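**Q** The structure follows.
The values are calculated or read from the model by the stated rules, or taken from the named source; none is laboratory data. Model, not experiment: these values are computed from the prediction. Counting neighbours? That spans all protein chains shown, and the Cβs are built from the backbone with ideal geometry, glycine included. Accessible surface areas use protein heavy atoms only, side chains included; no ligands, DNA or RNA. Shrake-Rupley method; radii C 1.70, N 1.55, O 1.52, S 1.80 Å.
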Amino acid sequence: MARNPPHDQPADERAEEVLRRSERHLAKAQQIAHIGSWELDLDDLEDLSSNELRWSDESFRIFGYLPGEVSVTNDLFFEAVHVEDRPRIVEAVAKALDERRPYQIEHRILRRDGVERIIYEHADVVCNEATGRLLMLLGTCQDITERRHVENAARENAERFHLLVDSVKDYAIYMLDAGGRVASWNAGAERIMG
C-alpha cells in the first residue's frame, strides 16, 4: 500500500505517525542510555502490590528479561531487589506518597541469570491537580553498575596513592593546587622541613 505524501494525509494519520516516530525515538534513547521507565497506578493505596505496574522495554532488559516476556508486578520487582535493599525502597515510596514528593534511591537487583546490578531509580508522584488525589508513580530506572565500579576503582586507586605517598619518610612530597600553592605534603616533607 502506497503512503500518501505528508500534505495529503489526514491530520489524524499524521498525528499517529508522529506519535509512533516519537515512541521509537524514546525507546532507542532509553536503550542507548540504559534507562528504563515505569508507571505504577495508585488505585489501591492500602495494597500497592495490587496496582498495575508497567515497564518500558528497557526496564525489562535492565531486569534481565526480554520486553514483554513476563507479566510485570510489584512482586516480580521486589523478588529482583536485593533482600537488604527492600526496606529502604518501601520506606522511600511511603515517604514520597505521604509527602507527595519525588524520591531517588540506589539499590541492587539480582537478575535471574544470577548477575547483581546496581540501579538508580527516580520517581515522581503524580496527583490530580484539582483534587490532590494520588494517581500514579512515574519513574525511571538506570543501570549504573559500570559507573559505580569505575568510581569505586578510582577511589581505591586514590587511597592506595595516598597510602604510598604518606609512607615515604625520606623524601619530601608536596601536592600543589591549580594555583601552584602547597595543598598537602607527606610525612617526609614534614620531617625534613620541620
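**Q** Taking interchain pairs and intrachain pairs at least six residues apart, which have beta carbon atoms under 7 angstrom, with the first residue in region 169-194 and free of Cβ contacts under 8 Å to residues at least 60 places away in the same chain and the second of a type in the set (S, T, N, Q)?
**A** Cβ pairs passing all conditions: I173/N186; M175/S184.
**Q** Here's a follow-up. Write out, first by first residue and then by second, each pair whose Cβ atoms fall under 8 Å of each other, whose residues are 6+ apart or on separate chains, and whose first residue, in region 33-59, is free of Cβ contacts under 8 Å to residues at least 12 places away in the same chain while the second is of a type outside the set (G, A, S) and open to solvent by less than 30 Å² (accessible area, probe 1.4 Å).
**A** Correct list of pairs: D43/N51; D44/N51.
**Q** Collect the residues in region 111-149 that are open to solvent by 60 Å² or more (accessible area, probe 1.4 Å), free of Cβ contacts under 8 Å to residues at least 60 places away in the same chain and assigned to a strand (DSSP E or B), keeping them in residue-number order.
**A** If the condition is that a residue be open to solvent by 60 Å² or more (accessible area, probe 1.4 Å), free of Cβ contacts under 8 Å to residues at least 60 places away in the same chain and assigned to a strand (DSSP E or B), then E116, Y120, D124 are the ones that fit.
**Q** Quickly run through region 131-157 and pick out the residues that are closer than 24 Å to S59 by Cα and small (G, A, S). Working first, answer last.
**A** Pass one, region 131-157, residues closer than 24 Å to S59 by Cα: 134-151.
The one that is closer than 24 Å to S59 by Cα and small (G, A, S): G139.
Residues are listed down the side, and each one gets a yes or a no for (1) aliphatic (A, V, I, L, M); (2) part of a loop (DSSP other than H, G, I, E, B); (3) within 25 Å of L135 (Cα to Cα); (4) modelled with pLDDT of 95 or more:
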| residue | (1), (2), (3), (4) |
| --- | --- |
| A2 | yes, yes, no, no |
| E13 | no, no, no, no |
| S22 | no, no, yes, no |
| A29 | yes, no, no, no |
| F60 | no, no, yes, yes |
| E69 | no, yes, no, yes |
| I89 | yes, no, yes, yes |
| L97 | yes, no, yes, yes |
